[in-house]
Amino acid sequence: MVPRSKTNGLFDYYCGRRRIILNNNTRRNYNHTMPSTGNLNLDLTTFSREGRLKEALHILLTTHSPPVNSNAYIHLLNTCIANNALSQGKQIHSFITHRGFAFATNTFFQNKVINMYVKCGTLVDARKVFDEMTARDGFSWNVIIAAYRRHGYPHEALALFHQMQQTGVQPDQFTFASILPACAKIGALEEGIVIHQCIIEIGFWPDVLVASALVDMYAKCGSVQKAKELFDKMPQRNVVSWNAMISGYVQNGVLDEAFRHFQEMPGRDMVSWNVMITGYAQNGVLDEAYRLFNEMPVRNVVSWNAMIAGYAQNGLVVKALETFKKMQLVGVKPNSTTFASILPACAKIRALYQGMDIHQSIIESAVLSDVVAVSALIDMYAKCGSIQKARELFDKMPHRNVFSWNAMIAGYAQNGILDEALTFFKTMPQRNVVSWNAMITGYAQNGVLDESLRLFEKMPLRNMVSWNAMIAAYAQHGVLSEALRLFNEMPERNVVSWTTMIAGYTRNGFVEKALEAFKQMQSAGVKPNPMTFVSILPACAKMGALEQGMNIHQRVIEYGFLSDVLITSALVDMYAKCGSIHKARELFDKMPRRNVVSWTAIIAGYAMHGFRKDALKLFALMKHSGTYPDHVSLVCVLFACSHVGLVDEGCKYFSGMSKSFCIMPTMDHYVCMVDLLGRARYLEEALNFIIKMPIKPLLVVWMCLLGACRSHKNIGLGVFIATLFFELDPQNAAPYVLLSNIYAEMGRWGDVQKVRKSMKDRGIIKIPGCSWIEVDKTVHAFSVGDRSHPQTQEIYEKLEKLSQKMKVAGYSPNSRHVLIDVEGEEKELFLCHHSEKLAIAFGLLNMSPGTTIRVVKNLRVCIDCHTATKFISNIIAREIVVRDANRFHHFKQGQCSCGDYW
């Protein structure tokens, strides 16, 4: 034994096991008392096993005769990996390199060093060692390929795999288990097929590890059928194989098959349960997700996170917050992923106070130093408009990542503080493509499209997101020619590119182009995603293209998206706006889950169709279900009251908005109230209401009152409002037309001519009336007096026959709204050729007897056409549905659903 010094106390041996107790004197004198290199080697190994890296490093760095055997250093490196001790690992590597030990260039030892750097999170240092190796074996390649794949560089992983093959090193099952997920990550199906062939040639196909990776690759690349074929052929399956198949079905939206395999799985683990819960949650099937969540034998933080994220992503922020609280109550500690899921939900609805509560939870959970959680917190504050609080958090962060910087850039940009956003963009240590896209989007959202384009053109490396962000910027601002130019120029397109163009066309009124783009997308072999259907269905709704909408409904079913609440809500909206309110209600009643969008769609549908009792009853059911209305829901309720004259009810809903639902009235609500009062002849009250508005009334508010003046022939007030309008918006044709109508109904043709001359002098053109009708999935358009249709002669002959029958039935043309001073016979001829009458005649000629005729018109239906259509419906004994600029009219047996109040 080494004699113990009373003053220095060098070593203490006890219980048959040697331990080292060091004090300051020991550390100073260790080199002079070390008995042998062999003992030092053993001591270093002992320190390593006990995790005492600091002591081991001190001994190693201060001794003059370090051990030359690699075993002690390997133990030290393993300890660094176990403790994620990168700094100590670097010191050990540097020590070995500078000492020039022979084993330092040994392939086995260098592999250990690479593995240490990879496991401790520094890919740069790992790659440097790898590149300096004079000889590499299969493990060398495997560890670096796996590292690039795990760190989110799948393209680099594939490049390394090809280099490995070129050097003659044969891949093994671990190589394939690493490289196939890289293919899956980027959807490189063709590359995966080539690797599959390589696996077969080398003879690794039956290996369960490789086969499971192949199943996963095919499934994630969208070839779920091929994944299933391989899965069925596997001679042996393990839990990884089953989870790969289940996960594949989930990611491709085939939830029924995923659940069937989940049920057939011989041994479920935590991953299996979480994959299914996540799949249901992400696809909006939250009832099923919650059912499985409750049935789980054991839950972990991933299970809770899946439910929280599912509720948050589907707009159920209250549910997400409730689940977050329950999670804490049962003792499950939230992690950074939890906060990264719940905070964006608060940001989405600008729930600042809830976000502040979560901030407190982050402090209590001791993850305030976690860069992911704090970055999500910064993003929440920024998006909730509290940019100063976001900045305070950012300034206090000891460590920041690119997401932290990007959150601040996006926050400043979204709040219109573009100078600060640009300052952050220029000063951030390292930018990524998200940084560039945040600036591009920020400029675009604030209408600075030229600056968006300048940044886009300067980007060092554009990805698909960059192109799509720029296309979306132009499309959202109606510059569709530029959006289309970029769309045509981009090197490749994905479903987001197509969906962005479809949404742009739909939003800007080019619905026919939207439908054409949808067809082209399918012809190009691009599979629609849920947002594609959410974008294209409003195009059908705007055109009243019921047959095309029904065709898209069928495609939704084929793709397995019917459980998506946004798509189903869009379908309800489409059916309602295409005149099939019964089909809309049938679909709504079958929805397994509804959100505020679903309720609003069906309430709006009934309101538009004039079924005010049903609309208000549904609103009551919505509140009873626990779904809080938003500002759009209340617009629909006020609309329903307005179009059936329920003044008292409408005023009650309006006055109770802020108190009952914490919703402050917006311009849309004020418009509805003016319309409500104006339609009910309360013109003076409507004027006083406008004057007392707490916000400056937009021109649309005055237009509502002007329309009411026209309906109730109040020339004095009408002229006053029109004059005001001419000053505020001199190029708007609507007030000129309404004022002309007022004068024409009073027979003041001189004033009519003055208004028309004023329009001509200013170059103002009245929007022509146009009507659309869909027959055999083709939409036909008609304008007043239109003679361009191939069936023009038959259409006019049909109208003439109808006119004769209508007169016999008692119809008398109402020519008060013809804005020209001509004789009665000419006025009758002019009225006979209105666009909706032409469309109805065309429908009668080309649609089967008994079929409902559905017509969409861009303007308000005139009194004469309204009266005429009632007579036609009685004569032909079939229903005619007309949707004008205000609402739906269901004509049946000589009556209209609006009760002549529109």
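The values are calculated or read from the model by the stated rules, or taken from the named source; none is laboratory data. Bear in mind the structure is a predicted one, so any value in this text is a computation, not a measurement. No Cβ is skipped: glycine too gets one built from the backbone with ideal geometry, and neighbour counts run over all protein chains shown. To get the accessible areas, we keep the full protein, side chains included, count just its heavy atoms, and leave off ligands, DNA and RNA. Shrake-Rupley method; radii C 1.70, N 1.55, O 1.52, S 1.80 Å.
Which count do you get for residues in the range 602-615 that are surrounded by fewer than 22 Cβ atoms within 10 Å (Cβ to Cβ) and at pLDDT 90 or above? I'd like the intermediate steps shown before the answer.
To start, the set of residues in the range 602-615 that are surrounded by fewer than 22 Cβ atoms within 10 Å (Cβ to Cβ) comprises 608, 611-614.
Right, trim to at pLDDT 90 or above and you get 614.
Residues meeting the conditions: 1.
How many residues does the range 573-621 contain that are free of Cβ contacts under 8 Å to residues at least 24 places away in the same chain and either part of a loop (DSSP other than H, G, I, E, B) or closer than 21 Å to Leu638 by Cα (or both)? Give the derivation first.
As a first pass, look at the range 573-621 and keep what is free of Cβ contacts under 8 Å to residues at least 24 places away in the same chain: 582-590, 613-614, 617-621.
Cutting the leftovers down to either part of a loop (DSSP other than H, G, I, E, B) or closer than 21 Å to Leu638 by Cα (or both) gives us 584-585, 613-614, 617-621.
So the count comes out to 9.
Which residues, counting only those in the range 856-893, are among the hydroxyl-bearing types (Ser, Thr, Tyr) and in contact (Cβ under 8 Å) with a residue 40 or more places away in the chain? Explain how you work it out, then say what you get.
So the first thing to find is which residues in the range 856-893 are among the hydroxyl-bearing types (Ser, Thr, Tyr), and the list is 867, 869, 873.
Of everything in the range 856-893, just one residue is among the hydroxyl-bearing types (Ser, Thr, Tyr) and in contact (Cβ under 8 Å) with a residue 40 or more places away in the chain, namely Thr867.
Considering only residues that are open to solvent by 50 Å² or more (accessible area, probe 1.4 Å) and assigned to a loop (DSSP other than H, G, I, E, B), look in the range 227-244 and name the one that is farthest from Val271 (Cα to Cα).
Taking the candidates together, the pick is Pro235.
Name the residues in the range 436-475 that are modelled with pLDDT of 85 or more, more than 22 Å from the chain's Cα centre (by Cα) and open to solvent by 20 Å² or more (accessible area, probe 1.4 Å), would you?
Val448, Leu449, Asp450, Glu451, Leu453, Arg454, Glu457, Lys458
Restrict the check to the range 399-412 and report whether at least one residue is of a type outside the set (Gly, Ala, Ser), free of Cβ contacts under 8 Å to residues at least 60 places away in the same chain, open to solvent by less than 20 Å² (accessible area, probe 1.4 Å) and part of a loop (DSSP other than H, G, I, E, B).
The first filter runs over the range 399-412 and keeps only residues of a type outside the set (Gly, Ala, Ser), leaving 399-403, 405-406, 408-409, 412.
With free of Cβ contacts under 8 Å to residues at least 60 places away in the same chain added as a condition, the list becomes 399-403, 405-406, 408-409, 412.
Pick out the ones that are also open to solvent by less than 20 Å² (accessible area, probe 1.4 Å) and you get 406, 408-409, 412.
From the residues that got through so far, the ones that are part of a loop (DSSP other than H, G, I, E, B) too are none.
Within the range 399-412, none of the residues are of a type outside the set (Gly, Ala, Ser), free of Cβ contacts under 8 Å to residues at least 60 places away in the same chain, open to solvent by less than 20 Å² (accessible area, probe 1.4 Å) and part of a loop (DSSP other than H, G, I, E, B).
For the subset of the range 557-590 comprising residues that are modelled with pLDDT under 90 and in contact with a helix residue (DSSP H, G or I) (Cβ under 6 Å, 6 or more places away or on another chain), which member is surrounded by the fewest Cβ atoms within 10 Å (Cβ to Cβ)?
Leu562
Quick one: in the range 163-194, of everything that is open to solvent by 70 Å² or more (accessible area, probe 1.4 Å) and outside any loop (DSSP other than H, G, I, E, B), which residue is farthest from Ala213 (Cα to Cα)? Before the answer, list the steps.
Going residue by residue through the range 163-194, those that are open to solvent by 70 Å² or more (accessible area, probe 1.4 Å) are 163, 165-167, 170, 174, 185, 190, 193-194.
Now drop any that are not outside any loop (DSSP other than H, G, I, E, B), which leaves 163, 165-166, 174, 185, 190, 193-194.
On the way: Gln163: 21, Gln165: 19, Gln166: 23, Phe174: 10, Lys185: 12, Glu190: 15, Ile193: 12, Val194: 14 Å.
Out of the qualifying residues, it is Gln166.
If you scan the range 245-268, which residues turn out to be outside any helix (DSSP H, G or I) and of a type in the set (S, T, N, Q)?
Of everything in the range 245-268, just one residue is outside any helix (DSSP H, G or I) and of a type in the set (S, T, N, Q), namely Asn252.
Mind checking which residues of the range 195-226 are open to solvent by less than 50 Å² (accessible area, probe 1.4 Å), among the β-branched types (Val, Ile, Thr) and within 21 Å of Val169 (Cα to Cα)?
Result: Ile195, Ile199, Val210.
Being more than 18 Å from Pro697 (Cα to Cα) and open to solvent by 30 Å² or more (accessible area, probe 1.4 Å) is the filter here, so list the residues in the range 656-677 that pass it. If you could, list the steps in order and put the result at the bottom.
Kept after step one, since they are more than 18 Å from Pro697 (Cα to Cα), are these residues of the range 656-677: 656-663.
Across the range 656-677, the qualifying residues are Ser658, Lys659, Ser660, Phe661, Cys662.
So, of the residues in the range 321-353 that are outside any helix (DSSP H, G or I) and among the β-branched types (Val, Ile, Thr), which turns out to be nearest to Ser369 (Cα to Cα)?
Per the criteria, the residue is Val332.
Which fully enclosed helices (runs of 4 or more DSSP H) of the range 692-745 have 1 or more residues being free of Cβ contacts under 8 Å to residues at least 12 places away in the same chain?
Details: elements: 699-711, 715-728, 733-745.
Helices (runs of 4 or more DSSP H) meeting the threshold: 715-728.
Name the one entry in Gly504, Gly509 that is part of a loop (DSSP other than H, G, I, E, B) and under 30 Å from Arg887 (Cα atoms).
Exactly one of Gly504, Gly509 is part of a loop (DSSP other than H, G, I, E, B) and under 30 Å from Arg887 (Cα atoms), namely Gly509.
Could you tell me which of the residues Val215, Val275, Val318, Val271 is over 25 Å from Pro181 (Cα atoms) and assigned to a helix (DSSP H, G or I)?
Values: Val215 fails: over 25 Å from Pro181 (Cα atoms); Val275 fails: over 25 Å from Pro181 (Cα atoms); Val271 fails: over 25 Å from Pro181 (Cα atoms).
Only one candidate qualifies: Val318.
Tell me which of these Leu646 doesn't satisfy, since it passes every other one: (1) touching a Lys or Arg at 6+ places or on another chain (Cβ under 8 Å); (2) closer than 22 Å to Lys577 by Cβ; (3) modelled with pLDDT of 85 or more.
Status for Leu646: all satisfied but (2).
In the range 754-788, what residues are of a type in the set (Val, Ile, Thr), part of a loop (DSSP other than H, G, I, E, B), open to solvent by 40 Å² or more (accessible area, probe 1.4 Å) and without any contact (Cβ under 8 Å) to a residue 40 or more places away in the chain?
Our first condition is that a residue be of a type in the set (Val, Ile, Thr); within the range 754-788, this holds for 755, 764-765, 767, 773, 775, 778-779, 784.
Filter once more, keeping what is part of a loop (DSSP other than H, G, I, E, B): 764-765, 767, 784.
Of the ones still in play, those that are also open to solvent by 40 Å² or more (accessible area, probe 1.4 Å) are 765, 767, 784.
Of everything in the range 754-788, just one residue is of a type in the set (Val, Ile, Thr), part of a loop (DSSP other than H, G, I, E, B), open to solvent by 40 Å² or more (accessible area, probe 1.4 Å) and without any contact (Cβ under 8 Å) to a residue 40 or more places away in the chain, namely Ile765.
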